[in-house]
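So the structure is just underneath, and the comments pick up after that.
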């Protein structure tokens with residue numbers, strides 16, 4: 001007997017860290033088998049031939065969608081369409097800057113209600129740790145929260161306050177016992193820094209106000225708490241390369257510590273920020289060229305575990321474009337959809353292979369989110385989440401091509417390498433050559 005199946009094949013399929021000719025047999029949204037490129041005899045199905053590189057759908061574990069409450073900043077519909085255009089098939093939503101912030105079971109339910117039928121890709125959810133909410137965390141994890149994020153400094157909004165060492169001592173054992181990680185915005189105002197004042201149009205003014213030492217002190221504190229509680233700790237958006245020796249030592253000691261960095265720290269430098277160009281502002285800040293090169297070394301050596309976008313948009317006026325005020329502007333880089341081609345341009349120039357880079361943006365972040373048994377790889381039994389990536393040819397990022405809500409980004413006008421040609425979610429095409437389909441993503445509830 002024959003069975004109806006879908007088959008997608010390419011001369012270059014990323015499987016187990018290498019590119020090789022292969023054919024994927026897909027049934028009910030999963031990869032049923034990976035066979036030789038021409039091994040199609042005896043089976044009846046539609047075969048799609050891909051000329052570019054077939055990679056697993058990317059997994060972005062750091063995205064600020066902001067819905068409900070601040071959907072005018074970004075929402076599920078626009079964010080997930082941008083993700084699909086960037087080859088991202090799974091993303092994890094941060095617990096702010098939505099209203100309410102996702103720091104209680106009730107707020108998580110409100111978030112889930114807001115999703116509705118808006119998803120173009122699969123979306124999971126981080127909760128939040130704030131002072132006094134430790135009693136909510138176990139129930140949130142049971143409902144499907146994949147982990148929880150805290151800030152060690154002001155988050156930018158008053159309804160998501162910073163957590164003290166004692167707040168974390170209360171929360172971390174609960175997260176440990178629930179089997180989910182603590183994600184940490186690691187800046188601790190441990191020493192007096194120059195105030196963000198003076199020439200507010202000069203990027204150097206803002207950069208000096210958030211020194212590397214703030215990150216280094218925060219990471220040192222989190223290593224201590226990780227050692228004390230044995231809770232899994234993940235440092236988000238690492239910017240300070242001077243923290244790498246601390247991180248390496250903690251990992252050598254066997255602590256359950258992981259670290260991410262972001263495209264803007266790997267691609268952009270403080271020296272090139274134009275005067276008043278507040279679309280470049282984020283926290284921690286983009287640092288100097290020398291720091292960027294050290295981050296690349298940390299990534300290549302494995303001290304930094306993977307790369308996520310930290311897509312953190314806002315309405316354009318909050319960036320204060322007319323004033324060019326780095327001190328008063330909202331901090332956050334909009335980059336969802338641009339991650340792979342922007343980082344690939346830098347990685348290729350440094351001799352890193354595409355297979356290495358894709359693992360840093362798919363398989364490894366999938367582990368943090370707890371979905372590594374069905375996302376982030378091309379393998380039998382995995383979801384058929386795929387992207388066709390043409391790795392050659394430089395293009396310039398055009399404002400009109402951006403799919404996220406507000407076309408404000410430091411990448412506009414910059415050259416990137418390669419492009420996503422097509423994206424599939426569970427074997428169904430969701431994006432091809434600038435056109436989206438009506439395919440719908442799903443909410444991810446719980447680690448599996």
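Need the failing condition index for residue 297 against (1) part of a helix (DSSP H, G or I); (2) crowded, with 18+ Cβ neighbours inside 10 Å, just the number.
Among (1) part of a helix (DSSP H, G or I); (2) crowded, with 18+ Cβ neighbours inside 10 Å, the lone unmet condition for residue 297 is (2).
Considering region 145-174 alone, what residues qualify as being part of a helix (DSSP H, G or I) and touching a helix residue (DSSP H, G or I) at 6+ places or on another chain (Cβ under 6 Å)?
168, 170, 171, 172, 173, 174
Take residue 37 and decide whether it is without any contact (Cβ under 8 Å) to a residue 40 or more places away in the chain and either more than 23 Å from residue 403 (Cβ to Cβ) or assigned to a loop (DSSP other than H, G, I, E, B) (or both).
The answer is yes for residue 37.
Against the definition (in a helix (DSSP H, G or I) and farther than 20 Å from residue 421 by Cα), how does residue 78 come out, yes or no?
Spelling it out, it is not the case that residue 78 is in a helix (DSSP H, G or I) and farther than 20 Å from residue 421 by Cα.
For region 196-213, state whether one or more residues are within 27 Å of residue 132 (Cα to Cα) and in contact with a helix residue (DSSP H, G or I) (Cβ under 6 Å, 6 or more places away or on another chain).
Looking for residues that are within 27 Å of residue 132 (Cα to Cα) and in contact with a helix residue (DSSP H, G or I) (Cβ under 6 Å, 6 or more places away or on another chain), one finds none in region 196-213, hence no.
Being touching a strand residue (DSSP E or B) at 6+ places or on another chain (Cβ under 8 Å), in a loop (DSSP other than H, G, I, E, B), closer than 29 Å to residue 305 by Cα and modelled with pLDDT of 95 or more narrows it down to one of 31, 65, so name that one.
65
Go through (1) part of a loop (DSSP other than H, G, I, E, B); (2) more than 18 Å from the chain's Cα centre (by Cα); (3) under 25 Å from residue 298 (Cβ atoms) one by one and return the number of the condition residue 323 breaks.
(3) is the only condition that residue 323 fails.
For region 147-159, what are the residues that are in contact (Cβ under 8 Å) with a residue 40 or more places away in the chain and crowded, with 24+ Cβ neighbours inside 10 Å?
Of everything in region 147-159, those that are in contact (Cβ under 8 Å) with a residue 40 or more places away in the chain and crowded, with 24+ Cβ neighbours inside 10 Å turn out to be 147, 148, 149, 152.
Here is a check on your reading of the model: is residue 244 without any contact (Cβ under 8 Å) to a residue 40 or more places away in the chain and touching a helix residue (DSSP H, G or I) at 6+ places or on another chain (Cβ under 8 Å)?
No, not satisfied.
Could you please find all residues in region 125-144 being closer than 16 Å to residue 232 by Cβ and in a strand (DSSP E or B)?
Passing the criteria: only 127.
Filter region 81-97 for residues that are in a helix (DSSP H, G or I) and surrounded by 24 or more Cβ atoms within 10 Å (Cβ to Cβ) and give the result.
82, 83, 84, 85
Just wondering, is there one or more residues in region 284-294 that are assigned by TED's automatic domain parsing to the domain that holds residue 315, under 21 Å from residue 164 (Cβ atoms) and in a helix (DSSP H, G or I)?
no
The values are calculated or read from the model by the stated rules, or taken from the named source; none is laboratory data. From a predicted model like this one, the values you see are computed outputs, not experimental measurements. All Cβ positions, glycine included, derive from the backbone under ideal geometry; neighbour counts span all protein chains shown.
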